[in-house]
Amino acid sequence: AFLIRSLNLRVENILIVYVLSILVIVVETKRYVWGVIASLFCTFSFNFFFTEPLHTFVIADPSYFISLGIFLIAAFIVSTLTSRLQSQIEISKRNEEMTDKLYKVSTGYLNISEREKIVSYGEKSITMLLGRPCRILYGEAASPEDMNSAQNYRKRISGGMGRPAKGDSTQACIPIMIKDTAVGVLKVDCSIGSIAKDEWLYLETILSQFVMAMEREELHQAEERHRINIEKERLRNNLLRSISHDLRTPLTAIAGGSEFLLDRSKDIDEDTKRSLLADIHSDAVWLGSMVENLLNMARIQDGKLIIKKQTEIVDDIIDEALSRVTKNLGEHSLSYIPSKGIILVSLDAQLIIQVLINLLGNAIGHTRADCHIVVKTERRGKDIEFSVSDDGGGMNRDILDHLFESFGTSGNRASENRRGAGVGLSICKAIISAHGGSITGQNNSEGGATFSFLLPAEEEGGHA
């Protein structure tokens, strides 16, 4: 201002400098009150330094009263407008930041499933937006006391979702509503102050997103339960169909053979009698194996399959399994290729024997009559591999990935006799998995199929 005066420029230019100084003060301080103070200071400063008589607050020219009044009014207006503009800019920035956060939160809900994860994400998102610790109690996690506190807190909120009434505690208990029904409680820390009106709006938005995510999850769970029920019904029907087919054939053979022996025992020779009795015995043994499979399947589905491990010699396990299926071979041939040396394995002997019987039974029942079946054991690093191979036609490629599912079949193999095909393999997988092993099935180069499973072998010296 003094520089302008030294250049003998008009006094209006000095007033413009004062107005600019007021703008700078308001912009830097971001406070309206400082703008008012600056306006008053500039008015008196202009009067003191630039109006006659100088260096006094006396005004000699009456026209300056009007000029200074207009200047003061202009300074107030500029200060007020600048302060409001800055306030609007700050509000706009905060709204933009909050909108961006809300968008990210909403996007995050789209990629989350499972109730626990949705609750955890809801707590994190509310804490991030409001800067207040919070906790969500949903469903059974919310006690009746929590629900009552939330309902009482809701009643104390003035103006709907506005500020809570005075006297509220340092913790807000907000009910989570789905279709006018309280399903949970949101607890928000209010120790730093009551929840502001704009915070309530953000909170309401987040809760609506949370509720939609929960409704979507519950709908998904309902659909999943419906799918599982349909699958259970399908499995039940398949089980009944499989059992009726698998039991009818041996029962018919047993009934027919025993009836023939009763009616014609005096008319047939001893060799024929022994042959019929052997067939009856074979079918009875198979029925026992089938019942054992069904019992094991029930234990597996109920989670009650108990593994009683003991250290066993691999060759003894194989010999026992082979002895139980030899009578059912018919025209099939069977051989065993043992591993080198004696191998010890910690296992449940009866269950592993059942696995081998199931695999051998499938090989016998699903291949042509002159098929050769090979049982082989071999050490694979720290594991022992058991395999059952045949050259009886192999399996369809499209069912290889579903072999061990309940009621899966070997698919289009030579024999139409499918005894136990839908039960045995799934039981085999469950038993081997319970032993910490793995089982696979595939076609082999001999034109047949190979089923093999790995079990952890004991190290030399007998330690597992």
Within the P(r) computed for segment 298-456, what percentage of the Cα pairs occupies the region above 27 Å? 19
In debye to the nearest 20, the charge dipole size for segment 179-249, taken about the Cα centre with +1 at each Lys and Arg Cβ and -1 at each Asp and Glu Cβ, equals 660
Set the bar at 18 Å for Cα to Cα. Now go through Lys304/Lys429; Lys117/Lys179; Lys340/Lys429; Lys124/Lys197; Lys101/Lys124; Lys117/Lys197 and name every pair that lies beyond it. Lys117/Lys179; Lys340/Lys429; Lys124/Lys197; Lys117/Lys197
Using the crude model of +1 on Lys and Arg Cβ and -1 on Asp and Glu Cβ, and no other charge, please compute the dipole size for segment 114-224 relative to its Cα centre, in debye to 20. 640
Compute the FRET efficiency between Ile66 and Ile89 as 1/(1 + (r/R0)^6), taking r as their Cβ-Cβ distance and R0 = 35 Å, and round to the nearest 0.05. 0.50
Among the aspartates and glutamates, which have Cα under 17 Å from the Cα of Lys273 when same-chain residues fewer than 8 positions away are ignored? Glu259, Asp263, Asp283
Stretch gain in nm, segment Lys101-Glu458, where the contour uses 0.36 nm per residue and the Cα spacing is subtracted: 122.8 nm
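Taken together, the values in this text are just the output of simple stated rules run on the coordinates, not laboratory data. Source: prediction; values computed, not measured. FYI the Cβ positions are ideal-geometry reconstructions off the backbone, even for glycines, and counts take in every protein chain you see.
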